[in-house]
Amino acid sequence: MNEKDWIYVMDERDLPEGSISPVYPKGVNVLLAKVDGKVYALDGKCPHMGCPLFCGTLSGHTITCACHDWRFNVKTGEFIDAIELKLKVYGAKAENGRLFVSLPPMEQS
C-alpha cells in the first residue's frame, strides 16, 4: 500500500482506549475503534437498518448496534450471530500521534 493510499482522519489522542468514533475519509462513513492499543476501521453503519454504529457500545472487540443489538467483531467485521454477514473492514494505522485509514476495503480471508 502506498503512502498516498492512507488518509489522515484524526489525532490519536482523540480516540482513547476502548472508545469508538465516526470519521468520513473522502465522504465514506467509517467507524474507528481502539482496543488493546490497536486501531480498527470498519463500515460505520449497521447493514440491518443503516443505523450509525458510533451510537452503539464497544465491549472488548465487539461493537453492538444501538438500534437492534446486532453485534460485530471490530477486527473482522463479522456479525457475531451469523458470520456470513460482514461489515467492510478498512486499513487503519497510527503514526506519529495521527490516525490514518486506507480505502478501499482490505481483502478478508
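Residue 26 meets each of the listed conditions (1) without any contact (Cβ under 8 Å) to a residue 24 or more places away in the chain; (2) basic (Lys, Arg); (3) in contact with a Leu (Cβ under 8 Å, 6 or more places away or on another chain) apart from (1). If you check 50, 77, 44 for being at positive phi and under 13 Å from the mean Cα position of the chain (by Cα), only one passes: 77.
The criterion of at least 3 residues that are crowded, with 17+ Cβ neighbours inside 10 Å and not acidic (Asp, Glu) is met, among strands (runs of 3 or more DSSP E) falling completely within the range 27-92, by 30-35, 38-43. Within the range 1-23, work out how many residues are surrounded by 12 or more Cβ atoms within 10 Å (Cβ to Cβ) and in a loop (DSSP other than H, G, I, E, B). Matching residues across the range 1-23 total 3.
Laboratory data are not the source of any read-out in this text; all were calculated from the coordinates shown. Since we're looking at a predicted model, the values are computed, not measured. Note that each Cβ is placed from the backbone with ideal geometry, even for glycine, and that neighbours are counted across all protein chains shown.
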